[in-house]
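Presented below is the structure to which this report refers.
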Amino acid sequence: MATFYALTVPEFVAELGLSGRDMYDLEWRLSAGEGALIAARTGLSAETAQAMTFRDMVPAARMMIARKNQHHCPLCPSDVHRKSTALPWRFRCPIHGAELHDATGATLSNMLGAGRFTELKTCADVGAAVLDAWARGEEQRALGPDEMLAFLTARHRRASPPNVSEQPRMSLGARRDYYEFLTTPIIRQALTVIVPEYDRVALVLTKPVRAGLHSLAQGTLLQAFALTVGIGRIVEDPVNRAIDVLLACDVDGQGRVQDVLRSWPLSLRRQISARFWRAQRDEREREIAEKTTRRRQSHKLRAAQSHKYRYRIS
């Protein structure tokens, strides 16, 4: 609105009679008097001014609101900040339907590939619906987004340097030059187990995300999408997703993940415990069977030679 009147934001706020007020506080919630002042100066109704705010969101979701356009639509004016794209789990412009771009101009289709992005979109829609309901206080789930985000950002393994699949192709000289990078320990989080597609495309140094709710509020476009997909997958099958992470844990990581799972409902924890015990038993039996097979193969004589030789001549 300030741009429409050819004013800066502080000048526009002063013209409204709200000098000294923080614009972010006004966007969050207006009092009845502030709404009346804006209505009197702009010609808008007080209800319209209130509808521009985030008053329908719960206080815990306030940190999710971006002050500026973190991700922008290429067809929208650069100085327009839409309320509908201020939350990190929105990935398309509601006006033009275009994919949002990150600060570098990349889209999720560029980063993930068009086919993979389409496949993941169903889970992302489920996760976004859960986050929308939580932010507005419309649905109180036993397992909420804060518990799921704490699980996704839990460290399931010790920090370790990039493995071979994560390293770019380098000559021996380049490896010596980038020795510090190749030996830098990287935090390993459950997100890469729940959303392996993210693990395959994210740059190794940018894979770790912040803990808990901050992971969504301050993450990149790719990180926010991966977290939203992760929430969608946990909602669809929380028990098996938890077991997938527990099976991928090391000894220390299993303790950390179990600590996070203590905030989950008791009924889910009991199912996870029972199925995890069976999964561990099946894994041990499979490993024993593989060892037995390898041992038998190592003592097995060759049934045929590579060439035909005369009888009793080798």
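The values are calculated or read from the model by the stated rules, or taken from the named source; none is laboratory data. Remember, it's a predicted structure, so these values are computed and weren't measured experimentally. Glycine gets a Cβ as well: all are built from the backbone with ideal geometry, and neighbour counts include every protein chain shown. Just the protein is used for accessible areas: all its heavy atoms, side chains included, with ligands, DNA and RNA removed. Shrake-Rupley method; radii C 1.70, N 1.55, O 1.52, S 1.80 Å.
When Leu30 is tested against (1) more than 26 Å from Glu197 (Cα to Cα); (2) modelled with pLDDT of 85 or more; (3) out of contact with any Ser or Thr (no Cβ under 7 Å at 6 or more places or on another chain), only condition (3) is not met. Taken over region 239-255, the residue count meeting the criterion of being part of a helix (DSSP H, G or I) and either open to solvent by 70 Å² or more (accessible area, probe 1.4 Å) or acidic (Asp, Glu) (or both) is 4. In the condition set (1) without any contact (Cβ under 8 Å) to a residue 24 or more places away in the chain; (2) open to solvent by less than 30 Å² (accessible area, probe 1.4 Å), Leu261 is compliant with all but (1).
With the requirement that a residue be of a type in the set (A, V, I, L, M) and within 14 Å of the chain's Cα centre (by Cα), what does region 144-195 give you? Correct list: Met148, Leu149, Ala150, Leu152, Ala154, Ala190, Leu191, Val193, Ile194, Val195. The residue of region 98-155 that is most open to solvent (accessible area, probe 1.4 Å), among those that are in a helix (DSSP H, G or I) and charged (D, E, K, R), is Glu119. Would you confirm, using the coordinates I've provided, whether Glu11 is outside any loop (DSSP other than H, G, I, E, B), over 16 Å from Lys68 (Cβ atoms) and over 37 Å from the mean Cα position of the chain (by Cα)? Criteria met by Glu11. Being touching a helix residue (DSSP H, G or I) at 6+ places or on another chain (Cβ under 8 Å), among the charged types (D, E, K, R) and either modelled with pLDDT under 90 or part of a helix (DSSP H, G or I) (or both): is that true of Arg275 here? Judged against the criteria, Arg275 is a match. Looking at Thr220, is it open to solvent by 50 Å² or more (accessible area, probe 1.4 Å), more than 19 Å from Trp89 (Cβ to Cβ) and β-branched (Val, Ile, Thr)? Against the criterion (open to solvent by 50 Å² or more (accessible area, probe 1.4 Å), more than 19 Å from Trp89 (Cβ to Cβ) and β-branched (Val, Ile, Thr)), Thr220 does not qualify. In region 156-184, the qualifying residues are those that are hydroxyl-bearing (Ser, Thr, Tyr) and surrounded by 12 or more Cβ atoms within 10 Å (Cβ to Cβ), and the one that is modelled with the highest pLDDT is Ser160.
Taking the conditions exactly as written (open to solvent by less than 30 Å² (accessible area, probe 1.4 Å), assigned to a helix (DSSP H, G or I) and within 30 Å of Leu120 (Cβ to Cβ)), does Ala66 satisfy them or not?
no
In region 36-48, the residues that are farther than 16 Å from Tyr5 by Cβ reach residues that are of a type outside the set (Ser, Thr, Tyr) and open to solvent by less than 50 Å² (accessible area, probe 1.4 Å) with C-beta atoms within less than 7 angstrom, at least six apart or across chains, in these pairs: Ala36/Ala46; Ser45/Ala39; Ala46/Gly35; Ala46/Ala39. In the condition set (1) in a loop (DSSP other than H, G, I, E, B); (2) without any contact (Cβ under 8 Å) to a residue 40 or more places away in the chain; (3) under 20 Å from Leu108 (Cα atoms), Thr53 is compliant with all but (3).
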